[in-house]
1. With respect to B:S134, is the statement that it is of a type in the set (S, T, Y), in contact with a Leu (Cβ under 8 Å, 6 or more places away or on another chain) and within 14 Å of chain A (Cβ to nearest Cβ) true?
2. I'd like the residue in the range A:84-120 that is out of contact with any Asp or Glu (no Cβ under 8 Å at 6 or more places or on another chain) and among the basic types (K, R) and, out of all such residues, is surrounded by the fewest Cβ atoms within 10 Å (Cβ to Cβ).
3. Across the range B:67-120, what is the total count of residues that are open to solvent by less than 30 Å² (accessible area, probe 1.4 Å) and of a type in the set (G, A, S)?
4. Can you pull out every residue in the range A:200-248 that is among the hydroxyl-bearing types (S, T, Y) and surrounded by fewer than 16 Cβ atoms within 10 Å (Cβ to Cβ)?
5. Would you confirm whether or not the range A:150-164 contains a residue that is within 24 Å of the chain's Cα centre (by Cα) and over 20 Å from B:G132 (Cα atoms)?
6. Check whether at least one residue in the range A:12-33 is assigned to a loop (DSSP other than H, G, I, E, B) and open to solvent by less than 30 Å² (accessible area, probe 1.4 Å), and report yes or no.
7. Just checking, how many residues over the range A:39-66 are within 16 Å of A:T172 (Cα to Cα) and assigned to a strand (DSSP E or B)?
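The values are calculated or read from the model by the stated rules, or taken from the named source; none is laboratory data. Since the model is a prediction, treat every value here as computed from it, not as a measurement. FYI the Cβ positions are ideal-geometry reconstructions off the backbone, even for glycines, and counts take in every protein chain you see. What goes into the accessible areas is simple: the full protein's heavy atoms, side chains included, and nothing from ligands, DNA or RNA. Shrake-Rupley method; radii C 1.70, N 1.55, O 1.52, S 1.80 Å.
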Amino acid sequence: MTTNGDVLIKVDDVHKVYNKKLHALNGVSNEIRKGEVVVIIGPSGSGKSTFLRSLNLLEVPTTGHIYFEGTDITSKKTDIDKHRQKMGMVFQHFNLFPHKTILDNITLAPMKLLGKSKEEAQKRGMELLRLVGLEEKANGYPSQLSGGQKQRIAIVRSLAMDPDVMLFDEPTSALDPEMVGEVLELMKKLAHDGMTMVVVTHEMGFAKEVGTRCIFMDEGQIKEEGAPEEFFDHPTEPRLQDFLSKVL
Amino acid sequence: MANFQDKFILNFITDNRWHYIWNGLLTTLQITFFAVLLGITLGFLIAIVRSTHDKTGRMKIGNVICNIYITVIRGTPVVVQLMIIYYVVFSSVDINKVIVAILAFGMNSGAYVAEIFRSGIMSVDQGQFEAGRSLGFNYRQTMIHIITPQAFKNVLPALGNEFIVLLKETSVSGYIAMQDLTKGGDIIRSRTFDAFMPLIAVAIIYLVMVMIFSKLVSMLERRLRNSDH
């Protein structure tokens, strides 16, 4: 592995079973270290989204443990809301709050959860909007934005909480092709600035270029993982070879 | 025309008969206003319990109680409920009839409002809920800041409709001998033996109230809609 940072998230033998028979996750263990950009790929139904969503407990594992910054967040005693503040999440369908202005989307959580004053939160919000070049949209509403702009705002909304890790659940899958680039650019910038990221994606170019580690999932298990060069150029697992031959 | 004038004077001016209409109108408005408040409060609480159960599986007992409440209230006519509350529940208590009517219509409306609110909450995309939770909001904060404002906007037309129904339903208050607007018109009819003028007057007053109310709701709707261009 390319980085030797501290372990940020530790996943220990996680299973997720729906309705007592559908095994979405079938014994997944992994460690995500500070500064890593982990890219998860795999066919649909492989459990990659379930895995990502279990990292911040949007999906609660049936068995197994997940530790975030040393705390077992799967424990019933853990206040998961506190830990989620440190784990940003970006969704396929953006999920911006349509009843709030762009700026309010960004400042809501810092004000209500971190106790920031309105001025403070708005100052930071405008800084972040400048970062993505959308400061003139501050007082508009999400419905006035293009898909790519929406996703950039969704990323910025998460960043406003100063998270320690960002989780991306197929962030470009719902975008028109010409808008994929602007979102990937922003993600690249984040990675470059040292943000720890876990990304479920179909963008193989991004995985190769930005990923520090790639994970291939199939049938609810991690079938292969490694540095991008190895992973893409010399895959050992036949299912990964087959998958890559179809998507590359 | 002279005939019309005579009838008008007979029905509304003689013996100050317009008082029946005016006082009845005040009673109707009073009942409606407080019943709406009670209905919204009750409906909101029930909707929160029911949708929390739908979403998380918690509050099982609360959900059962709310379900029974909704089933009973929606399954029986409001006028029967009104009479049960007055003649059965408060039979041995000397109680202001206006309060009885507010209780009856408010509790009745609450059951309908509950289902309206619940449908509004369930109609907000699950992704909104997940976005809130993933930022670190707890269930209650997510409901307050993210879900209910959108739910309210979605159900405003249905809610407006429910209050129009409530306003007109109070016209059965006469069953417990209350002198509301409808009863006022009816009393005049029984005094003057002219059905046309007092009843049409009453109908027009209801119509005007509903039209004003509809206008207010659509103005509010337009204001809330400023976020979807």
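1. Taking the combined requirement at face value, the residue satisfies it.
2. A:K118
3. 8
4. A:T236, A:S245 - these are the residues of the range A:200-248 that are among the hydroxyl-bearing types (S, T, Y) and surrounded by fewer than 16 Cβ atoms within 10 Å (Cβ to Cβ).
5. Checked the range A:150-164: no residue is within 24 Å of the chain's Cα centre (by Cα) and over 20 Å from B:G132 (Cα atoms).
6. Checking the range A:12-33: not a single residue is assigned to a loop (DSSP other than H, G, I, E, B) and open to solvent by less than 30 Å² (accessible area, probe 1.4 Å).
7. Of the residues in the range A:39-66, 3 are within 16 Å of A:T172 (Cα to Cα) and assigned to a strand (DSSP E or B).
Let's see how each residue does on (1) open to solvent by less than 80 Å² (accessible area, probe 1.4 Å); (2) more than 23 Å from B:A158 (Cβ to Cβ); (3) more than 14 Å from chain A (Cβ to nearest Cβ):
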position: B:K183; (1), (2), (3): yes, yes, yes
position: B:I187; (1), (2), (3): yes, yes, yes
position: B:S190; (1), (2), (3): yes, yes, yes
position: B:M197; (1), (2), (3): yes, yes, yes
position: B:A203; (1), (2), (3): yes, yes, yes
position: B:M209; (1), (2), (3): yes, no, yes
position: B:K215; (1), (2), (3): no, no, yes
position: B:R223; (1), (2), (3): no, no, no
